[in-house]
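Okay, so here's the structure we're looking at.
The values are calculated or read from the model by the stated rules, or taken from the named source; none is laboratory data. Just so we're clear, the structure is a prediction, and the values are computed from it rather than from any experiment. For neighbour counting, all protein chains shown are included, and Cβ atoms are generated from backbone atoms with ideal geometry for every residue, glycine included. Remember, those area values only see protein heavy atoms, side chains included, never the ligands or the DNA or RNA. Shrake-Rupley method; radii C 1.70, N 1.55, O 1.52, S 1.80 Å.
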Amino acid sequence: DAMVIQNPRYQVTQFGKPVTLSCSQTLNHNVMYWYQQKSSQAPKLLFHYYDKDFNNEADTPDNFQSRRPNTSFCFLDIRSPGLGDAAMYLCATSRVASADTQYFGPGTRLTVL
Amino acid sequence: QKEVEQDPGPLSVPEGAIVSLNCTYSNSAFQYFMWYRQYSRKGPELLMYTYSSGNKEDGRFTAQVDKSSKYISLFIRDSQPSDSATYLCAMRETSGSRLTFGEGTQLTVNP
């Protein structure tokens, strides 16, 4: 039944050690999003893909990269995690870019030691 | 100034109470308004969606939008302990998919 799946649910990495978070979807939606949510803060959009077109938010740090090899999967790569990158990372999908409903995954909680 | 302001709470109410959650916003181009519910350690799930001004009711939940005041509300009637969660308002303009979220209000309903 899971529609947006994120792995792992909890990730611990060391300062500066690259990490990859994974998202997959069974909805066949065209758009996939990555959000960063810090404790008691609003989710912050990092980037989104409309199909294979990549859209980066202006204030997303260069340390964050993303890949979407096919419709179902999307990856978030953090090249050199810092302590400030510890957060919940949420993946979401929507059918089309202007669709109202974004379906969120359960999130990956990243800890940086 | 943030585009969307939401009182973070925490808000604690007894079971059965009527809960009012609110957001204000500054961008007059926002046309679509949503409320998401987020349980602890889970992703947000869409609860209510409203286009432009007006009211929408779904069971115990009512969403209101007043565009003239740039103010939206979510009312929960007969609140239940299972309603304990963080409620996030979100909104977007007509074109594009970018959602702007409030910071969320943490609600606890006590049995």
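Applying the set (1) closer than 20 Å to A:L113 by Cβ; (2) aliphatic (A, V, I, L, M); (3) within 15 Å of the chain's Cα centre (by Cα) to A:M32 leaves exactly one unmet item: (1). Within region B:74-95, the set of residues being within 19 Å of B:G16 (Cα to Cα), in a strand (DSSP E or B) and out of contact with any helix residue (DSSP H, G or I) (no Cβ under 7 Å at 6 or more places or on another chain) comprises B:L74, B:F75, B:A85, B:T86, B:Y87.
When B:R41, B:R98 are checked against the criterion of being in contact with a Leu (Cβ under 8 Å, 6 or more places away or on another chain) and not in a strand (DSSP E or B), B:R98 stands alone in meeting it. Taken together, the residues in region B:87-111 that are without any contact (Cβ under 8 Å) to a residue 40 or more places away in the chain and surrounded by fewer than 20 Cβ atoms within 10 Å (Cβ to Cβ) amount to 3. Among the conditions (1) open to solvent by less than 20 Å² (accessible area, probe 1.4 Å); (2) within 14 Å of chain B (Cβ to nearest Cβ); (3) in contact with a Ser or Thr (Cβ under 8 Å, 6 or more places away or on another chain), A:D51 misses just one, which is (1).
Restricting attention to region B:52-86 and to residues that are within 14 Å of chain A (Cβ to nearest Cβ) and surrounded by 13 or more Cβ atoms within 10 Å (Cβ to Cβ), the residue that is nearest to A:Y35 (Cα to Cα) turns out to be B:T86.
Before we move on, is A:Y33 closer than 21 Å to B:R41 by Cα, within 11 Å of another protein chain (Cβ to nearest Cβ) and not hydrophobic (A, V, I, L, M, F, W, C)? Judged against the criteria, A:Y33 is a match.
Rundown of residues vs (1) modelled with pLDDT of 90 or more; (2) touching an Asp or Glu at 6+ places or on another chain (Cβ under 8 Å); (3) farther than 17 Å from A:T101 by Cβ; (4) in a strand (DSSP E or B), yes/no style:
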| residue | (1), (2), (3), (4) |
| --- | --- |
| B:Q1 | no, no, yes, no |
| B:P8 | no, yes, yes, no |
| B:S12 | yes, no, yes, yes |
| B:S20 | yes, no, yes, yes |
| B:S28 | yes, no, yes, no |
| B:F33 | yes, no, no, yes |
| B:K56 | yes, no, no, yes |
| B:S68 | yes, no, yes, no |
